[in-house]
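Beneath this line is the structure, given in structure tokens, with notes to follow.
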Amino acid sequence: MNLLLIAFDSEDAVTCAAFGQSSNHPFDILQLTGLPATNLGAGKVISLDLPSLPPADYFAAALKPIAESYDRVAAVSSMRGKDALPRLAGLLDWPMISDITEIVDEKTFIRPILAGSILTKVQLNHPKAFLTFRPAGFPAPNLAGESSVESVSPGWKGTSKRLSESLSEGGRPDLATAKVVVSGGRPLKDAETFENLVGGLADALGGAVGATRAAVDSGIAANELQVGQTGKIVAPDLYIAAGISGSTQHMAGIKDSKIIVAINIDGDAPIFDIADYGLVADLFDALPELTQKLQK
Amino acid sequence: MKILVPIKRVIDPYAKVKPLDDGTGLNLSGVKFEINPFDEIAVEEAVRQKEKNPEIQIIVVSIGGPESEEQLRKALAMGADEALHVETTDQLDPSIVAKELTAVVKEQNPTVILLGKQATDNDNNQTAQMLAAQLEWPQATFASKIEFNDGKANVTRETDTGEEVLAIPLPCVITTDLRLNEPRFIPLPGIIKARSKPLTKLERQTSDQPRVEVLSYTAPPTRSAGKKVATVDELIAELKSKGALA
């Protein structure tokens, strides 16, 4: 059993190593961009050292000869992983298992279906497979050893052309792997209020900012902040839901959080049914007060 | 230009589905079925493109049991021109579906394949990318805006950090995300009226068996309501006692 983890950057490599170490199998990391992560217990780090990530057609064609010598090839189930990995699986005609939350053994895994309302135990009936996994299921990796680095320049072939892209603004941690997430809903009124109140509290806690679909659709929060079944699945140590009533699709994306705090003026909101701590209060008073008291 | 829209019949995404007591399957009694919502967005997008360019021909295809005809009829009512039904009750996985669709593509020669980014039943998010790989066509997943011009598709797609615009030559595979459009409502008479549109039955072209098998289905652990606190200070004290705040 040899395992290759595909890391899109050095931060991703840490999340990949969490899965690699949990698998109890030796693993290599293939890292597309950034400084090779050599302290995560990988047998070797295959470094591509690219200036930016290639579109999926280039990615799959270039990685095919590297991937095919492994038994399992895995990546985080991020949007870039979901875009690129199945294409590589299609090129090699291997099966694939998406969104793994738990490893049972090398052939058996747990994964959610139906927006997380059911867990399935699935088994591979093939010697080789691609896997994507959700970061929350796997504890942070131990720092271990000094992996060797193999620099590789694969052949690039494709026809897609990237005309423009928005880059992460930085400053705040990545929503999908953050330890603390503060999310806001439609009652935050406008983009400026949202940023001040939700962003302010997130910064006081060193956390990431999330939003409901309603907040995104009404233009007060950016698309990539959407948390829920159709957005990002999060599982932080602390999730603070501010002005969020708790739609099924939103709750599907947060229910694996360790502690959920709900702050809402409506004491009957469904979010209180799953929150560990509920505060029935006006957001416009409670959020600034909480932010100010945490900053002290 | 010909657009092929593969659609899947799925469990109503708003249904509350529970596993069978013995974990061998899902309890589907009384559960309704719908077009996979992301595929419905793909049908809607194809129809909107046709409204701009009447030369577009829209073919919908579904692979599944006899009851999938219901979803194909709805897609015809939304504005698709023709439906194909690969009728089978076999267990399928995304790589089999991609191979069956490849066979349909070889017959139909579409310019664009437009489909949902994932089906809301099994949530795999694999079929379109596997299909694109087998055809060696470029792909643009998670589309929030699509423009065709000059033998190319300019696709705005959602990414982890926001969005990007990809230009891909035709033929190509595009998957839809939530924000691409809101599908039109089709009243029942519209679905009946669409019965005159052609629906052709096809047979499976491959004999592959699924390579991923579901052993059991269980309900995930549930959360229960915790404690209501009266003030911000009380909340901070509770979180500190749990070690959630420094």
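The table below lists the values:
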| quantity | calculated |
| --- | --- |
| C-alpha long axis of helix A:79-92 to longest principal axis of chain A, angle in ° | 30 degrees |
| For B:203, B:87, order by how many other beta-carbon atoms lie within 10 Å, fewest first | B:203, B:87 |
| Region A:90-249 shape via C-alpha gyration tensor axes, a/c threshold 1.5 | prolate |
| Relative contact order %, region A:81-229, counting alpha carbon pairs below 8 Å whose residues are six or more apart | 16 percent |
| Value in Å of the Kirkwood radius, where the protein assembly as shown supplies the Cα pairs that are averaged | 24.2 Å |
| For chain B, built as a Gaussian network whose Cα springs stay under 10 Å, the top-fluctuating residue of B:227, B:117, B:52 | B:227 |
| Cα gyration tensor shape of region A:235-296, rounded if a/c is under 1.5, else prolate or oblate by comparing a/b with b/c | oblate |
| Shielding score for B:114-126, defined as the mean number of other chain Cβ atoms within 10 Å | 5 |
| Helical contribution to [θ] at 222 nm, DSSP H n ≥ 4, -39,500 (n - 2.57), averaged over chain A, rounded to 500 | -6500 deg cm²/dmol |
| Filter on B:50/B:197; A:161/B:145; A:161/B:8; B:50/B:193 - keep pairs with C-alpha separation over 22 Å | A:161/B:8 |
| B:1, B:130 arranged by Cβ crowding within 10 Å, fewest neighbours leading | B:1, B:130 |
| 222 nm mean residue ellipticity, helices alone, for chain B (DSSP H n ≥ 4; -39,500 (n - 2.57); rounded to 500) | -8000 deg cm²/dmol |
| Contact order normalised by residue count of chain A, Cα under 8 Å, 6+ apart, percent | 14 percent |
| Global size of region A:125-173 as Cα Rg and Dmax, reported in angstrom | 18.0, 44 |
| Estimated FRET transfer efficiency when R0 is 22 angstrom, pair residue A:22-residue B:242 (beta carbons, to 0.05) | 0.30 |
| 34 Å tail of the calculated P(r), chain A, as % of Cα pairs | 27 percent |
| Calculated P(r) tail over 16 Å for region B:134-246, as whole % of Cα pairs | 81 percent |
| Per residue convex hull volume, Cα atoms of chain B, in Å³ | 199 Å³ |
| Inter-chain shielding of B:214-223 (mean C-beta neighbours from other protein chains, 10 Å cut-off) | 6 |
| Too-long pairs where the Cα-Cα distance tops 18 Å, listed order kept, from B:2/B:106; B:52/B:106; A:179/A:232 | B:52/B:106 |
| Helix axis angle, B:69-78 relative to chain B longest principal axis, alpha carbon, degrees | 80 degrees |
| Euclidean distance between Cα centres, region B:129-205 to region A:127-192, Å | 25 Å |
| Neighbour net charge for residue A:61 - beta-carbon separation under 10 angstrom, K R +1, D E -1 | +1 |
| Rounded tilt (10° steps) of B:37-52 against the dominant C-alpha axis of chain B | 40 degrees |
| Magnitude of the charge dipole, the protein assembly as shown, Cβ model with Lys/Arg +1 and Asp/Glu -1, debye to 20 | 560 debye |
| Peptides B:175-181, B:212-218 ordered by average Cβ neighbours within 10 Å, highest first | B:175-181, B:212-218 |
| Charge context of residue B:184, other residues only, Cβ under 12 angstrom, K/R +1, D/E -1 | -3 |
| Over 21 Å [Cα-Cα, region A:61-181], rounded percent | 54 percent |
| For region A:11-105: relative contact order, % (alpha-carbon pairs under 8 angstrom, 6 or more apart) | 24 percent |
| Three-way shape label, region A:180-295, alpha-carbon gyration tensor, a/c 1.5 | rounded |
| Packing-based exposure ordering (other Cβ within 10 Å, fewest first) of A:25, B:85 | A:25, B:85 |
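Only the coordinates and a few stated rules stand behind these numbers; no lab work does. As the structure is a prediction and not an experimental result, all values here were calculated from the model. Glycine gets a Cβ as well: all are built from the backbone with ideal geometry, and neighbour counts include every protein chain shown.
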